[in-house]
Amino acid sequence: MAETTEKKPLNPKAEKVADPVGASIDVATQQMIRRAQELGVETIFDRAAKMKPCNIGIQGTCCKNCAMGPCRLPLPKGGIEGEDERKGLCGATANTIAARNFARQVAAGCAAHSDHGRTVAEVFMSVAHKETEDYKIKDYNKLLAIAPHFDVDTKVEVDGEEVDRDLDEIAKEVAVKALAEWGKPEGELRYLKRAPKPLYERWKKLGVLPRNIDREVVDIMHRTHMGVDQDYKNILKQCTRAALADGWGGSMIATDLQDVMFGTPFPLQSEANLGVMKQDHVNIIIHGHEPVLSEMIVAAAQSKEMVEYAQQKGAKGIQLGGICCTGNEILQRHGVPPAGTFLQQELAIVTGACDAMVVDVQCVFQNLANVAKCFHTKLITTHPMARMEQDNVLHIEFDEHHAMEDAKRIVTMAIDNFKNRGAEVMIPSQKAAQIAGFGVESIEYHLGGTFRGSYYTLNDNIINGRIRGVAGVVGCNNARGRHNEAHIDLVKELIKNDVIVLTTGCNGIACAMEGLLTPESAKVFCGPGLAEVCETVGIPPVLHLGSCVDNSRILLAATEVVKAGGLGNDLQDLPAAGAAPEWMSEKAISIGQYFVASGVYTLFGVNLPVTGAPVFQKYLFEELEKIYGGKWDLAPDPIVMARKMIAHIDKKRKELGIDKARERVLMDMASRQALEA
Ligand code: BF8
């Protein structure tokens with residue numbers, strides 16, 4: 001048995017620990033929180049019970065951008081009457097401070113998504129130059145589909161005739177032009193023109209077209225340095241540029257090049273929750289965000305050589321499980337089941353059956369190392385940018401030039417560790433079936449018309465009112481609320497009201513855990529119109545589009561809806577809304593801002609760090625709509641959030657003149673049902 005750290009049970013009477021049922025709606029999670037407490041292993045749920053958030057930071061009005069502060073400007077009790085006289089030492093107002101903090105969150109979010117995109121683009125460059133054996137181009141159609149957006153010709157003229165251009169040449173040119181998006185000295189990001197024309201023209205007129213991805217992040221860091229931009233509106237304008245560089249830039253390029261190299265997702269069957277781990281298998285949990293290494297781990301774990309080695313060591317096979325978005329990536333393309341959402345990462349180790357956890361970047365708790373210390377789990381960091389100081393953590397740095405070798409080393413290590421499991425193995429039985437792997441292309445396949453515009457069936461059903469509208473529900477878990485509760489309450493309320501949901505990130509995993517990603521759930525949870533569409537087409541009412549960089553798929557799917565006709569000519573015309581009910585990451589702020597700037601009404605749950613600056617908040621919540629067509633909103637209660645989204649959807653239906661169609665179709669459906677009865 002491995003050497004583990006002895007612990008005493010946490011004592012709820014003596015110290016503040018989480019109430020498992022109050023901490024999560026998910027039974028497997030509750031069991032594992034309890035199990036951790038019995039074993040004396042502290043988790044995020046206990047820490048959240050012990051430590052309250054800072055009351056000033058939560059309002060967005062703590063400035064620590066210079067050494068004269070931190071200057072803290074909370075809203076006085078009872079609000080502000082008359083002039084707002086709060087100032088930092090330099091005179092910065094609450095609005096300036098909140099806007100600067102907000103901007104730095106956008107910068108961090110854009111940087112995280114886009115740097116992920118850069119890694120993908122660099123690997124793609126190696127692939128294009130055939131410098132690696134381990135990665136290949138899997139989807140040439142996707143390469144040909146994106147090439148024109150980079151102004152790369154797919155045809156050449158030979159002897160006066162137009163012929164197909166050499167695919168390797170196309171790949172090389174796409175790689176060069178894609179990588180240039182991070183630092184080109186002039187021009188604007190190429191993918192912006194993929195947006196509906198009126199939207200692109202609006203951005204141009206407003207002067208918010210991103211120049212290159214890195215520059216927009218650097219611009220925010222400069223602008224929010226002490227004593228630079230002191231106008232919250234001007235700061236927010238730069239937030240828009242950087243956020244667009246994320247959604248229509250770094251994230252979109254990440255998604256596209258991943259599809260080119262690893263394959264474009266198509267619907268497939270899988271499962272979700274901690275119950276996907278298997279007692280008699282070697283369990284490897286893959287956690288983080290960048291799929292470049294996890295793709296190799298999947299290939300290694302499925303190789304005959306590794307499976308046989310696992311069997312030699314007494315296991316029946318190798319079970320992979322995902323956490324967070326790297327989990328979503330390998331779910332979408334290989335059907336690898338997610339073992340849980342962001343808040344379940346420690347709990348996967350608490351099962352005692354996690355032989356290795358492999359982490360790359362983003363959303364990884366430092367406390368994983370402390371939890372791993374209490375079990376036999378090998379915790380392996382793989383990214384040069386994300387190491388852990390604890391001495392029980394191994395670092396195996398990923399390099400695309402010997403990726404398979406690295407992956408096999410990791411899988412072998414997990415297999416060798418199988419025999420070291422202790423007596424404390426307890427895997428919850430809960431898991432749910434799911435259909436995942438949707439994308440712009442597969443929505444077209446399932447909801448497109450054979451002869452008409454590509455998204456014809458979807459548009460037709462929105463116009464006739466069977467589908468009331470479309471919601472993008474995305475984002476994290478937040479330990480300040482009950483795990484998954486807001487995600488599930490919101491999504492159920494939306495589909496009950498005939499709103500089809502496109503999901504990504506941890507919301508996708510949460511919905512999968514609740515069985516909402518199955519076609520059968522339509523009958524149980526949907527309103528009559530949406531249920532009818534889902535049953536006819538055979539799709540779930542909640543379509544899982546992948547990881548958080550795949551929010552770019554939502555932007556492009558919405559663009560396809562506009563192109564198919566009948567629902568206006570811009571994203572802001574659509575009966576659609578977006579939400580992140582349990583957000584916590586800076587990436588979510590960047591996503592929120594690019595959705596708003598793309599014309600989407602976007603609601604966040606939990607809180608938003610702008611409430612201490614009412615003027616700036618009003619700008620975000622009201623005035624932005626006049627500029628971009630979209631706006632921010634805050635609704636900690638998921639049912640209130642759903643109502644607001646549905647009210648917005650109905651408003652848009654009315655503006656499009658399709659509100660009456662829905663009443664007619666529902667009436668028809670009711671009379672038909674009465675006849676059938
Ligand atoms: O990038 S949803 S908790 S995993 S940040 Fe993190 Fe949030 Fe999950 Fe996906 Ni996105």
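Where a number appears in this text, it was derived from the coordinates with a stated rule and is not lab data. Worth saying up front: this structure is predicted, and the values here are computed from it rather than measured. Please note: Cβ atoms are built from the backbone with ideal geometry, for glycine as well, and neighbour counts cover all protein chains shown.
So here's what we get for this one:
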| item | result |
| --- | --- |
| Region 307-367, dipole about Cα centre (Lys/Arg Cβ +1, Asp/Glu Cβ -1), debye to the nearest 20 | 160 debye |
| Cross-link table LYS50/LYS233; LYS64/LYS644; LYS138/LYS563; LYS136/LYS408; LYS172/LYS631; LYS16/LYS419, entries beyond 30 Å C-alpha to C-alpha | LYS50/LYS233; LYS64/LYS644; LYS172/LYS631; LYS16/LYS419 |
| DSSP-loop chymotrypsin sites (Phe, Trp or Tyr not before Pro) across region 440-510, with at most 16 other Cβ within 10 angstrom | PHE451 |
| Region 550-599: C-alpha gyration tensor shape, a/c 1.5 cut-off, then a/b vs b/c | prolate |
| Zero-based 10 Å bins, Cα pair distances in region 154-203, whole percents | 21, 31, 34, 15, 0 |
| Sorted peptide list for 116-128, 163-175, criterion being average Cβ within 10 angstrom, highest first | 116-128, 163-175 |
| Rg ratio (alpha-carbon, reference 2.2 N^0.38 Å) - the chain | 0.95 |
| Average projected area [Cα convex hull, region 169-250], square nanometres | 5.9 nm² |
| Extension gain, GLU663 back to ARG480 (0.36 nm per residue minus Cα-Cα distance, nm) | 61.9 nm |
| Length released on extending from GLU625 to ASP166, taking residue separation times 0.36 nm less the Cα-Cα span | 160.6 nm |
| Lys, Arg +1 and Asp, Glu -1 on Cβ, resulting dipole of region 472-604 about Cα centre, debye, nearest 20 | 220 debye |
| Shape of region 274-420, Cα gyration tensor, a/c cut at 1.5 | rounded |
| Charge-dipole axis of region 94-262 as Lys and Arg at +1 and Asp and Glu at -1 on Cβ define it, positive-most pick from ALA180, THR255, TYR200 | TYR200 |
| Least to most buried among ASP550, ASP84 (fewest other Cβ within 10 Å first) | ASP84, ASP550 |
| Point-charge dipole on Cβ atoms (K/R +1, D/E -1) for the chain, about Cα centre, debye to 20 | 2160 debye |
| Sorted peptide list for 235-241, 204-210, 324-330, criterion being average Cβ within 10 angstrom, highest first | 324-330, 235-241, 204-210 |
| Note, ³J(HN,Hα) from phi for region 568-577, Karplus 6.51, -1.76, 1.60, rounded to Hz, x at Gly and Pro | x, 10, 8, 4, 5, 7, 5, x, 8, 8 |
| Cα centroid separation - region 274-346 against region 192-208, whole Å | 41 Å |
| Long pairs among LYS205/LYS587; LYS197/LYS654; LYS7/LYS587; LYS278/LYS378; LYS197/LYS523, criterion Cα-Cα beyond 28 Å | LYS7/LYS587; LYS197/LYS523 |
| Gap separating the Cα centres of region 111-172 and region 15-83, nearest whole Å | 46 Å |
| Potential extension, GLU308-ASP151 segment - 0.36 nm per residue separation minus Cα distance | 51.8 nm |
| Over region 219-359, equivalent-ellipsoid semi-axes from the Cα gyration tensor in Å | 39, 18, 12 |
| Charge dipole (region 274-420, unit charges on Cβ, about Cα centre) - positive-most of CYS325, HIS376, THR341 | HIS376 |
| Distant-in-sequence amide H partners of LEU502 (H built 1.01 Å from N, under 5 Å) | ALA471, GLY472, VAL473, LEU543 |
| Burial order of peptide ranges 415-425, 600-610 (average beta-carbon count within 10 Å, highest first) | 600-610, 415-425 |
| Sum of -39500 (n - 2.57) over DSSP H runs of 4+, divided by residues of the chain (222 nm, nearest 500) | -14000 deg cm²/dmol |
| Per-residue HN-Hα couplings for region 129-139 [Karplus 6.51, -1.76, 1.60; θ = phi - 60°; Hz; x = Gly/Pro] | 8, 6, 8, 10, 8, 6, 10, 9, 7, 9, 10 |
| Region 45-62 - phi-based ³J(HN,Hα) in whole Hz, Karplus 6.51/-1.76/1.60, Gly and Pro as x | 5, 5, 5, 5, 6, 7, 10, 8, x, 5, 5, 8, x, 4, 8, x, 10, 10 |
| Prolate/oblate/rounded label for region 475-557 (Cα gyration tensor, a/c 1.5) | oblate |
